[in-house]
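First comes the structure, then the notes that go with it.
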Amino acid sequence: MVEYKHVFGPVPSRRLGRSLGVSPIPEKTCNYSCIYCQLGRTNKMTNTRQLFYPVEEIISEVAQVLAASVSFDVISIVGEGEPTLYLGLGDLIDGIKSLTDKPVVVITNAALFYDENVRNDCIKADIVLPSMDGFDVASWKKIDRPYGKLDFDDVFEGLVQFSKEYSGQLWLEIMLVDTENTSDDALQKLSFLAGKVRHDRLYINTPIRPPAEDYVVPVSKETAARAAEILDGTAIDFLSEGKFSSDIQDDYEALKSIISRHPMNRFEIESFLSSRGSAGARLYDGEQHTPATVEKIFRRLNNDKHVTATDFAGIVTYRAN
């Protein structure tokens, strides 16, 4: 099977169901370097929009995947960094929508919404999920670690302006990091800011996969519940539900393809292998799926110099370097 450069999944999303991912930007290209990022520290910090890849190249991959009758709920333009840095975003959304009637989603840090062109691009999406983690300049810089020339007030006002112009579904997301934005004062300030943003849903999230910085601590269920009450939002369950999938026949290569963009924990990998076994897929060495052969996969992952295994909150998660 073909391994795609821009399209991956579907992967399970706690908000969106089975999400077919589309990445229009190079790995770790972003205008934030969030302390909680599951992809690790940003190594290509930029705030300049670029046409990193031809729009037609990405749309062609999407068309190939759709022709294979893959089952999914939404197409998410998420990238491996910040997707609004892609200069062809509006044309990409138009192209995808010409191929499917499934909702097109943009998942963004909202840092560029002060730019009218970015707002006009994102208006074309069916659902936009912007994040808002900081309640003031200091907390924003500490949690999101933005590109140096970005200004907190400009970023926030851009989000407010977009929410007024946008007629689709706007689902605001706040990532809680223990002690960083979880005090009652911080939550009240976040609630005040959220009240200025026209939104349809507000999700309370917390890191469940190994973050960029090892001092990041996820919040307790009690803290998440308190935040949901103060912010009038919904606390997302800690572990994602649903199943990962891949068109790549070889199990090991399929796993490597997924974890290069979306880290998977041990339980998700076991579920993934089990689902492929029931569908008739073969392990990389041609053996049938058994506990022993599944362990071979884990041994290979653990010995692969291009894969990092990290224990976070008692759960081992794998990510391709």
Q.
Between a residue in the range 43-55 that is open to solvent by 60 Å² or more (accessible area, probe 1.4 Å) and any residue that is in a strand (DSSP E or B), which pairs come within a Cβ distance under 7 Å, given they are 6 or more apart or on different chains?
A. Lys44/Thr29; Met45/Cys30
Q) Looking only at residues in the range 5-57 that are among the charged types (D, E, K, R) and part of a loop (DSSP other than H, G, I, E, B), which one is nearest to Leu150 (Cα to Cα)? A) Arg49
Q | Residues of the range 201-227 that turn out to be in a strand (DSSP E or B) and open to solvent by 50 Å² or more (accessible area, probe 1.4 Å), as a count | A | 1
Q: Among the numbered conditions (1) under 27 Å from Pro24 (Cα atoms); (2) among the aliphatic types (A, V, I, L, M); (3) at pLDDT below 75, tell me where Ile269 comes up short.
A: (3)
Q. In the range 73-110, how many residues are part of a loop (DSSP other than H, G, I, E, B) and either free of Cβ contacts under 8 Å to residues at least 40 places away in the same chain or touching a strand residue (DSSP E or B) at 6+ places or on another chain (Cβ under 8 Å) (or both)?
A. 14
Q: Report yes if Leu193 is within 28 Å of Cys122 (Cα to Cα), touching a Pro at 6+ places or on another chain (Cβ under 7 Å) and of a type outside the set (Ser, Thr, Tyr), otherwise no.
A: no
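The values are calculated or read from the model by the stated rules, or taken from the named source; none is laboratory data. All of these numbers come straight from a predicted model, not from anything done at the bench. Every residue, glycine as well, gets a Cβ built from its backbone with ideal geometry; the counts of neighbours run over all protein chains shown. What goes into the accessible areas is simple: the full protein's heavy atoms, side chains included, and nothing from ligands, DNA or RNA. Shrake-Rupley method; radii C 1.70, N 1.55, O 1.52, S 1.80 Å.
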